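Report on the structure given below.
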Amino acid sequence: MKILKSLSCLSLIWGLLVFMTGCPQSAVKTEPLGMVYYTYFDTVSYIYNYAGGDSEEFEEICSETAKILEEYHNLFDIYYEHSGVTNLRTINLNAGGEPMKVDQKLIDFLLYAKELYALTGGEMNVMMGAVLRPWHDCRQAASSDPANASIPSTEVLEEASKHTSIDLLEIDEKNLTVRISDPAASLDVGALGKGYATEKAAQYLESLGLSSYVLNIGGNIRIIGTKPDGSGWLTGIKNPLDRGETYAEYITLTDTSCVTSGIYERFYTVGGVQYHHIIDKDTLMPSKHFSSVSIITKDSGLADALSTALFTVSYEEGRALVDSLDGVEVLWITPDGEKLMTEGFKLLITEQD
């Protein structure tokens, strides 16, 4: 059987490297005290327990944690509807129609997305779906027919950009309804959804009083507590200029999250030019400021959003935003390999022989 590679992994927890076969099961147990899932957010998800304990109890905890991931996966899905769920796909299909009743969890998420829109000056915008969709379609077409790969036309992108205002997303907290007022607009939460769900799963584990757990949800790393001896985990930040095959820095982390956005995650090539998936709202093209941006902060949802938002603005703009926030450390890597980082990030670096 083929070795399964997680194409979305952005960071590697040292000592957590798990070799997996491409089995069809939705979950595969690994030793010691680890569980792997293949069905959430189109990626591979790991749950690790370094505190030891009863394996049956661990499996029960994993089962409940997986239910959280599954629930948010279903709610945030923009490609498929799910039975009994009014999700983002349903809302997008209803764009221009009447308000739709949704779960409180989706209301909370979309309100948070609007807060992050304001925080990032519009760089993290869940209403960019109209622009992101043609890029997604071209990338998908290129994967099956690379010889005829293309990019969206300027005309298509400029027309799509007219349908991305955050004000098109109408949220009624009292009646628990959501509506997109423009029939040509759509939601895409790829810059936030996975991190948000990861944080909800971590909060569940914390509510049980657990420590020494690590979540790796498609490369979104969330650490609960420390190792049993009080130390942290050595984490590798991938080198974006080597397509993520080597590591640019190693850092030691405890009780926090680590999320990286990079040019090596999802990309395709047209006429010898590589086009990645992180789109600049101003140019409507893949952002050229950086090759990767890594965020260290407790909240995985915030880390996810910032890794995209800071990728699409200059270092000076991004640094000003970061300096206004508490508990956020960043590593920027430029296209020529220069490393820019916050002072707190420098303190996390662990030299390797």
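The values are calculated or read from the model by the stated rules, or taken from the named source; none is laboratory data. Here the structure is a predicted model, which is why all the values come from computation and not from measurement. When we count neighbours, we look across all protein chains shown, and the Cβ atoms used for this are built from the backbone with ideal geometry, even at glycine. Accessible surface areas use protein heavy atoms only, side chains included; no ligands, DNA or RNA. Shrake-Rupley method; radii C 1.70, N 1.55, O 1.52, S 1.80 Å.
When we screen A191, A197 for residues that are hydrophobic (A, V, I, L, M, F, W, C) and assigned to a loop (DSSP other than H, G, I, E, B), the only hit is A191.
Restrict the check to the stretch 98-113 and report whether at least one residue is of a type in the set (S, T, Y) and either modelled with pLDDT under 95 or crowded, with 21+ Cβ neighbours inside 10 Å (or both). No, there is no match, as no residue in the stretch 98-113 is of a type in the set (S, T, Y) and either modelled with pLDDT under 95 or crowded, with 21+ Cβ neighbours inside 10 Å (or both). Of the residues screened, A201 is not one that is closer than 30 Å to C138 by Cβ and small (G, A, S).
Annotation note: Cβ proximity below 6 Å between a residue of the stretch 49-76 that is more than 22 Å from G225 (Cβ to Cβ) and a residue that is aliphatic (A, V, I, L, M) and part of a helix (DSSP H, G or I) (sequence gap 6+ or interchain) occurs for Y72/A197; L75/L106; F76/L88. I'm trying to understand the selection: among the residues of the stretch 200-219, which are assigned to a helix (DSSP H, G or I) and either open to solvent by less than 10 Å² (accessible area, probe 1.4 Å) or not aromatic (F, W, Y) (or both)? If the condition is that a residue be assigned to a helix (DSSP H, G or I) and either open to solvent by less than 10 Å² (accessible area, probe 1.4 Å) or not aromatic (F, W, Y) (or both), then K200, A201, A202, Q203, L205, E206, S207 are the ones that fit. What number of residues in the stretch 36-75 are among the aliphatic types (A, V, I, L, M), within 16 Å of A201 (Cβ to Cβ) and at pLDDT below 95? Looking only at that region, the number is 0.
Could you run through the stretch 225-238 and say how many residues are surrounded by fewer than 23 Cβ atoms within 10 Å (Cβ to Cβ), in contact with an Asp or Glu (Cβ under 7 Å, 6 or more places away or on another chain) and either assigned to a strand (DSSP E or B) or at negative phi (or both)? Counting residues in the stretch 225-238 that are surrounded by fewer than 23 Cβ atoms within 10 Å (Cβ to Cβ), in contact with an Asp or Glu (Cβ under 7 Å, 6 or more places away or on another chain) and either assigned to a strand (DSSP E or B) or at negative phi (or both) gives 1.
Keeping to the stretch 156-178, report how many residues are farther than 23 Å from G301 by Cβ and within 24 Å of the chain's Cα centre (by Cα). Of the residues in the stretch 156-178, 4 are farther than 23 Å from G301 by Cβ and within 24 Å of the chain's Cα centre (by Cα). The residues in the stretch 284-300 that are in a loop (DSSP other than H, G, I, E, B), of a type outside the set (A, V, I, L, M) and touching a Ser or Thr at 6+ places or on another chain (Cβ under 9 Å) can be counted, and the count is 6. Among the residues of the stretch 311-327, the one identified as surrounded by fewer than 24 Cβ atoms within 10 Å (Cβ to Cβ) and aromatic (F, W, Y) is Y315. Every test in (1) open to solvent by 10 Å² or more (accessible area, probe 1.4 Å); (2) modelled with pLDDT of 95 or more is passed by V131 save one, and that test is (1). Of all residues in the stretch 326-353, those satisfying the criterion of being assigned to a loop (DSSP other than H, G, I, E, B) and either aromatic (F, W, Y) or in contact (Cβ under 8 Å) with a residue 24 or more places away in the chain (or both) are G327, V328, T334, P335, G337, T350, E351, Q352. Scanning the stretch 256-310 for residues that are in contact with a Leu (Cβ under 8 Å, 6 or more places away or on another chain), surrounded by fewer than 24 Cβ atoms within 10 Å (Cβ to Cβ) and small (G, A, S) gives a single hit, S291.
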